[in-house]
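Report on the following structure.
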Amino acid sequence: QVQLVESGGGLVQAGGSLKLSCAASGNIISINAMGWYRQAPGKQRELVASITSGGSTNYADPVKGRFTISRDNNKNTVYLQMNSLKPEDTAVYYCNADVWRLGTLTMYNYWGQGTQVTVSS
């Protein structure tokens, strides 16, 4: 099996910064795309940013210029550096990954358990 474990969430004042980490572990051959999603109360889960195994990135418009996604392929870890945080960034942030598993010829999609980010005004 494969697990994604997030860390780095917390409470921060508007204008502050946080860095999220998500480490994948288990029967992994390789990981294709990795990404961060978020879900605020009463809203649908939405894509924040994604990154391919080659390092190509994609960002949602509300976070462009403020958030940076990166990854360490040797550690099977993806990061999200969040700067200039706003109260509207408050949400549970989820890690997502497309994983090639040992012993299979199939790519599986996995989610982390989520980490809370709260930005106070």
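Given the options GLY54, GLY42, name the one that is free of Cβ contacts under 8 Å to residues at least 24 places away in the same chain and closer than 19 Å to MET107 by Cα. Within the list GLY54, GLY42, the selection yields GLY54. Annotation note: of VAL119, VAL92, VAL78, the sole residue that is open to solvent by less than 30 Å² (accessible area, probe 1.4 Å), within 16 Å of SER21 (Cα to Cα) and assigned to a strand (DSSP E or B) is VAL78.
Considering every residue within the stretch 49-63, establish whether at least one is open to solvent by 80 Å² or more (accessible area, probe 1.4 Å) and not acidic (Asp, Glu). Spell out how you get there, then give the answer.
First pass over the stretch 49-63, keeping only residues open to solvent by 80 Å² or more (accessible area, probe 1.4 Å): 61.
Those still in the list that are not acidic (Asp, Glu) too: none.
The answer is no, given that none of the residues of the stretch 49-63 is open to solvent by 80 Å² or more (accessible area, probe 1.4 Å) and not acidic (Asp, Glu).
A search for C-beta distances below 6 Å between a residue of the stretch 94-121 that is within 17 Å of ALA40 (Cα to Cα) and any residue that is open to solvent by 40 Å² or more (accessible area, probe 1.4 Å) and small (Gly, Ala, Ser), counting only pairs 6+ apart in sequence or on different chains, returns VAL119/ALA14; SER121/ALA14.
The values are calculated or read from the model by the stated rules, or taken from the named source; none is laboratory data. Nothing here was measured: the structure is a model prediction, and the numbers come from that model. Virtual Cβ from ideal backbone geometry, glycine too; neighbours counted across all protein chains shown. To get the accessible areas, we keep the full protein, side chains included, count just its heavy atoms, and leave off ligands, DNA and RNA. Shrake-Rupley method; radii C 1.70, N 1.55, O 1.52, S 1.80 Å.
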